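Structure first, then comments.
The values are calculated or read from the model by the stated rules, or taken from the named source; none is laboratory data. Since this is a predicted model, take the numbers as computed values, not measurements. Quick reminder, even Gly has a Cβ in these numbers, built from the backbone with ideal geometry, and neighbours come from all protein chains shown.
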Amino acid sequence: MLLAMLFVGVPAAYAASTRADYIAQADPICLSTHLAEGNQLTGFSTDLKKGRLKVAARKMRAAATVFGGGVDQLASLERPPADVSQLSTWIDSLRAQVPIVNRFARAIHHRQAKRVRRTGAQLLIAEEKTSALVDDYGFALCNRFGV
């Protein structure tokens, strides 16, 4: 009986340490991706204010490329068995944001104010839903930065 009780506790401890390992690998990816996105978006607001929309759109597309690369890095990590479904849904949700960002950039490029507002709203909703998927997962950075 005692031996059976010991084995019942092992899977929970193994899953917890595996989750901690995943977080330890994922959080640095999220941080570096966030910083690289910021570098790509340097001067974005100024470009918009000064009417340099093609430049702003190019910066937004570059940030989307960086973001997509970060998502690919997260997708390549081994996921804890207990969390495969949750993390797969999260990664799929992150991937779904890339085309929205590209549509947003295209709308900026073509000076389509209505489409900019619509895709901007879509992006905010997508980011909130994505963040909610991992709010209680234990990330220190991935839930704050999106990726």
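Which count do you get for residues in segment 129-144 that are part of a helix (DSSP H, G or I), in contact with an Asp or Glu (Cβ under 8 Å, 6 or more places away or on another chain) and of a type outside the set (S, T, N, Q)?
Matching residues across segment 129-144 total 1.
Only one of these conditions is not met by residue 96: (1) farther than 18 Å from residue 132 by Cα; (2) under 18 Å from the mean Cα position of the chain (by Cα); (3) in contact (Cβ under 8 Å) with a residue 12 or more places away in the chain; (4) surrounded by fewer than 16 Cβ atoms within 10 Å (Cβ to Cβ). Which number is it?
Condition not satisfied by residue 96: (1).
Is it fair to say residue 52 is modelled with pLDDT of 95 or more and under 27 Å from residue 27 (Cα atoms)?
Criteria not met by residue 52.
Could you check how many residues of segment 7-48 are modelled with pLDDT under 85 and among the hydroxyl-bearing types (Ser, Thr, Tyr)?
Of the residues in segment 7-48, 2 are modelled with pLDDT under 85 and among the hydroxyl-bearing types (Ser, Thr, Tyr).
Identify the residue in segment 31-47 that is surrounded by fewer than 17 Cβ atoms within 10 Å (Cβ to Cβ) and under 19 Å from residue 123 (Cβ atoms) and, among all such residues, is nearest to the chain's Cα centre (by Cα).
Among those that are surrounded by fewer than 17 Cβ atoms within 10 Å (Cβ to Cβ) and under 19 Å from residue 123 (Cβ atoms), it is 38.
Results for (1) touching a residue at least 40 places away in the same chain (Cβ under 8 Å); (2) buried (at least 19 other Cβ atoms within 10 Å of the Cβ); (3) of a type in the set (Lys, Arg), shown as yes or no for each residue.
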site	(1), (2), (3)
51	no, no, no
60	yes, yes, no
65	no, no, no
69	no, no, no
84	no, no, no
104	yes, yes, no
107	no, yes, no
117	no, no, yes
121	no, no, no
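Could you list all residues from segment 123-147 that are surrounded by fewer than 20 Cβ atoms within 10 Å (Cβ to Cβ) and polar (S, T, N, Q)?
The answer is 131, 143.
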